[in-house]
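Trainee: This is the structure I have questions about; it appears just below.
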Amino acid sequence: MDWLALPKIPVGRTAAQGFDWLQRHGAWFFDGLSLLLERIIAAVLWVLQTPPPLAVVAGFVVLTWLLQRNWRTCLLVALCFLFVLNQGYWRQVTESLTLVLTSCAVCMGLGVPIGIAAAHRPRLYRALAPVLDLMQTLPTFVYLIPAIVFFGLGMVPGLIATVIFVLPAPIRLTHLGIASTPPALLEAAQAFGATPRQTLWKVELPWAWPQIMTGLNQAIMLSLSMVVIAALVGANGLGVPVVRALNTVNTALGFEAGLVIVVVAVMLDRMLRVKR
């Protein structure tokens, strides 16, 4: 077994040196990005927390009706919010919704264009596939280390870690939707003289729309699953009472906060469920 006694590959040391180099030479970038994200988070928080809670609930119910056209779903959303108010978790829920909505906006803004580009360029997708696998399989706690190094404590590192974890879902599903467009539709568009841009907007995106919306749904669910982990780096929201309950072995508080997270997840899932 002497042949196994080889010098250890310096994976950890190399990563640490890379992070140190980025911290020294890219501080201006990370500080600017942190300031931008803090302002976006503050704006979303202001929208959700400044109006009376019932006005926000009514807004979500109206949005649900516009998306689903189903009074039962609207009633479910209203009941879920009323349950949150009854349990006294309105502030925590709005903070978690801020993290979820902001991370989903970033993920969809990046994931959809990358997915479209990967569907049109198979070599690009083959190059992206191992990176996406790494982003989804690397333990989420590992993301928190560079997030803390570059952005400190608070909502921003929680948002960054959430985006890294969630981003592969919209990329993969957008790629799936665009790549699965029937060749007959593409040939018909080309026969009528459609340009590549017209083919994308008139044929491929409408065909891939259910997959793109499924990617949004998955992004929201995955983001919500990160609220507890984000609380470990100072992010406010529903993860804070869960962590507090874990530290104090408070069964009542843990079950109460966990049930509120489940209720919010069910509500968001029904709001954005893709119609078949």
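The values are calculated or read from the model by the stated rules, or taken from the named source; none is laboratory data. Small disclaimer: the values here were computed from a predicted structure and weren't measured. Quick reminder, even Gly has a Cβ in these numbers, built from the backbone with ideal geometry, and neighbours come from all protein chains shown. With ligands, DNA and RNA removed, areas are computed over all heavy atoms of the protein, side chains included. Shrake-Rupley method; radii C 1.70, N 1.55, O 1.52, S 1.80 Å.
Trainee: Report the residue, chosen from ALA27, ALA245, ALA105, that carries the largest GNM mean-square fluctuation when the chain is represented by alpha-carbon nodes joined by springs under 10 Å.
Mentor: Result: ALA27 has the largest fluctuation of those listed.
Trainee: Taking the Cα-to-Cβ direction at HIS120 and at THR195 and moving 7 Å from each Cα, how far apart do the two end points lie in nm?
Mentor: 1.2
Trainee: Here's another thing I want to ask about it. For VAL131, what accessible area in Å² do you get when you roll a 1.4 Å probe over the heavy atoms of the protein chains, rounding to the nearest 10?
Mentor: Probe radius 1.4 Å; accessible area of VAL131 about 70 Å².
Trainee: Test of understanding: in a Gaussian network model of the chain with alpha carbons linked when under 10 Å, which of GLN211, GLN87, GLN68 would top the mean-square fluctuation ranking?
Mentor: GLN87
Trainee: Can you give me the Cα centroid spacing of the range 193-223 and the range 37-74 in angstrom?
Mentor: 24
Trainee: So, one more: Would you work out what percent of the accessible area of the range 116-264, with all protein chains in place, is carbon or sulfur (probe 1.4 Å)?
Mentor: 70
Trainee: Assuming a ≥ b ≥ c are the square roots of the Cα gyration tensor eigenvalues, decide whether the range 1-78 counts as rounded (a/c under 1.5), prolate (otherwise, with a/b larger than b/c) or oblate.
Mentor: Judged from the Cα gyration tensor, the range 1-78 comes out oblate (a/c at least 1.5, b/c at or above a/b).
Trainee: Given N residues in the range 121-276, what is Rg(Cα) / (2.2 N^0.38 Å)?
Mentor: Here the Cα radius of gyration is 1.33 times the empirical estimate.
Trainee: Probe of 1.4 angstrom, ligands and nucleic acids ignored: what's the accessible area per residue over the range 118-247, in square angstrom?
Mentor: The answer is 49 Å² per residue.
Trainee: Another question about this same structure. Quick check for you: with a 1.4 Å probe and neighbouring chains kept, what is the accessible area per residue of the range 17-78, in Å²?
Mentor: 69
Trainee: Find the relative contact order for the chain and round it to a whole percent, using C-alpha pairs within less than 8 Å whose residues are 6+ positions apart.
Mentor: Value for the chain: 23 percent.
Trainee: Are there any helices in the chain, counted as whole DSSP H runs, that stretch 20 Å or more along their axis by Cα and score at least 1.0 on average by Kyte-Doolittle, and if so which?
Mentor: Helices meeting the span and hydropathy rule in the chain are 27-49, 53-68, 71-87, 90-120, 251-271.
Trainee: With Cα extents along the principal axes in Å defined as stated, name the option among [x] 67, 61, 42; [y] 57, 40, 36; [z] 71, 58, 36 computed from the structure displayed.
Mentor: For Cα extents along the principal axes in Å, the calculated option is [x].
Trainee: Between LEU259 and ILE145, what is the label-to-label distance in nm when each label sits 7 Å out along the Cα-to-Cβ direction?
Mentor: 3.9
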